[in-house]
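Structure first, then comments.
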Amino acid sequence: MDPLFQGVLGASLSQSLSRKQHIVVAGILGLLAGMSPDLDVLIRSNDDPLLFLEFHRQFTHSLFFIPIGSVICAAVLHPLIAKRRGLSFKQSWLYCSLGYGTHALLDSCTSYGTQLLWPLTNERFAWNTVSVIDSIYTLPLLILVALATFKRNVWLARLAFLWALLYPTIGMIQRDRAEAAGWQLANERQHTPVKLEAKPSFANLLLWKVVYETNDRYFVDAVRVASSVKTYPGESVAKLDVSRDFPWLDPNSQQAIDIERFRWFSNGYVAQDPDDKLRVIDVRYSIIPNQVKSLWSIKLSPGADVNSHVEYHTHRDNTPESREVFFDMLFD
């Protein structure tokens, strides 16, 4: 989720369990601690463009790191903010723990993937119940937390946190409806999917991207889930086969290793870009949900030496035509 929402969610929980006289400082501690796990985005390398993919939502987002991350936040924020407001270090740590603890669980509600149980496993948990950015989710929470702070009203903060729990629950119901429509569509095509997932499209819970995998291809479709369910059949792409798609690639080269790193990040949903045979795309994401037009990719170079990394690219399909197609689907 976006950092602002992460912080506001952390503030809502810390305020919910605070005393009236501490509600402001509890909110500040929860806000800052709730955003702090995303400091892992600073772990980058100019030589290795995929390093940040491995570390973002890794150890700082692990449930096992909450006591450590929160005590670091408390150690920094207590003398700067809380001590002068009369809070003990134990109270500061409590509010920081509440804020910090919300972060990874909320991230797991998205489809990006979060390593909740690192270092026991590097599995990326993605529950696919909310979009990474969703103002319908963010604004009510922001307004309620602001009112709770201004009015010193703990119950408004509790209402905010209740909303934070309710919205992903609605998303879970919508996700299941979208997946059911996806299974029906696959059955109509006489396909037996190996795996099928529904992911919310940008900033809403109405329009979903359904991706399913057969033995050799990925199929992507859009499903609008409202009072009735409407499907928008989409495109398909062959699953990545490195030996077939890149026969020139040395299997022991760094580029071959990087493909597997990207495959892990993409939860296996990788394919050769139909528009650029040197690119490997993450099939999970596209602006228009029934298209194979990835938001990010890696690019290989046949002339690179054995130790060279791939290039990492992002793609923003934000043309007026794309927006028109998206909104036509969203608003039916």
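Suppose the filter is open to solvent by 60 Å² or more (accessible area, probe 1.4 Å), assigned to a helix (DSSP H, G or I) and more than 27 Å from residue 265 (Cα to Cα); does residue 28 pass it?
Yes.
How many of the residues making up the range 304-318 are more than 25 Å from residue 202 (Cα to Cα), open to solvent by 50 Å² or more (accessible area, probe 1.4 Å) and without any contact (Cβ under 8 Å) to a residue 60 or more places away in the chain?
3
What is the one condition in (1) modelled with pLDDT of 95 or more; (2) not in a loop (DSSP other than H, G, I, E, B); (3) not hydrophobic (A, V, I, L, M, F, W, C) that residue 289 does not satisfy?
If we test residue 289 against (1) modelled with pLDDT of 95 or more; (2) not in a loop (DSSP other than H, G, I, E, B); (3) not hydrophobic (A, V, I, L, M, F, W, C), just (2) comes out false.
Among the candidates 243, 322, 301, 294, which residue alone is buried (at least 17 other Cβ atoms within 10 Å of the Cβ) and of a type in the set (Gly, Ala, Ser)?
Going through 243, 322, 301, 294 in turn, the sole match is 294.
Filter the range 37-59 for residues that are touching a residue at least 40 places away in the same chain (Cβ under 8 Å) and not acidic (Asp, Glu); which is most open to solvent (accessible area, probe 1.4 Å)?
Among them, the one singled out is 59.
Consider residue 244 carefully, then state whether it is assigned to a helix (DSSP H, G or I), modelled with pLDDT of 95 or more and of a type in the set (Lys, Arg).
Criteria met by residue 244.
Take residue 152 and tell me if it is of a type in the set (Lys, Arg), within 26 Å of residue 53 (Cβ to Cβ) and open to solvent by 70 Å² or more (accessible area, probe 1.4 Å).
In short, no.
Among (1) outside any helix (DSSP H, G or I); (2) within 21 Å of residue 102 (Cα to Cα), there is one condition residue 197 misses while meeting the rest; what is its number?
(2)
Tell me whether the range 184-193 contains one or more residues that are surrounded by 18 or more Cβ atoms within 10 Å (Cβ to Cβ) and farther than 21 Å from residue 230 by Cα.
no
Considering each residue of the range 1-12, count those that are open to solvent by 30 Å² or more (accessible area, probe 1.4 Å) and assigned to a helix (DSSP H, G or I), and give that number.
2
Quick one: residue 219 ticks every box in (1) of a type in the set (Phe, Trp, Tyr); (2) within 26 Å of residue 190 (Cβ to Cβ); (3) open to solvent by 40 Å² or more (accessible area, probe 1.4 Å) bar one, so which box is it?
With respect to (1) of a type in the set (Phe, Trp, Tyr); (2) within 26 Å of residue 190 (Cβ to Cβ); (3) open to solvent by 40 Å² or more (accessible area, probe 1.4 Å), residue 219 is out only on (3).
Can you tell me which residue is surrounded by the fewest Cβ atoms within 10 Å (Cβ to Cβ) among those in the range 254-267 that are out of contact with any Leu (no Cβ under 7 Å at 6 or more places or on another chain) and closer than 18 Å to residue 310 by Cα?
In this case the residue turns out to be 260.
I need the full set of residues from the range 153-175 which are more than 17 Å from residue 13 (Cβ to Cβ), of a type outside the set (Gly, Ala, Ser) and in contact (Cβ under 8 Å) with a residue 12 or more places away in the chain, in order please.
170, 172, 174, 175
Just to verify a result, which residue in the range 268-290, among those that are among the hydrophobic types (A, V, I, L, M, F, W, C) and closer than 25 Å to residue 178 by Cα, is surrounded by the most Cβ atoms within 10 Å (Cβ to Cβ)?
Within the range 268-290, the match that is surrounded by the most Cβ atoms within 10 Å (Cβ to Cβ) is 281.
Looking only at the range 60-78, how many residues end up being aromatic (Phe, Trp, Tyr) and surrounded by fewer than 16 Cβ atoms within 10 Å (Cβ to Cβ)?
1
The values are calculated or read from the model by the stated rules, or taken from the named source; none is laboratory data. This one's a predicted model, so the numbers in the text were calculated from it and none came from an experiment. Counting neighbours? That spans all protein chains shown, and the Cβs are built from the backbone with ideal geometry, glycine included. Ligands, DNA and RNA are stripped out before the accessible areas are found, and what is left, the full protein with its side chains, is counted by its heavy atoms. Shrake-Rupley method; radii C 1.70, N 1.55, O 1.52, S 1.80 Å.
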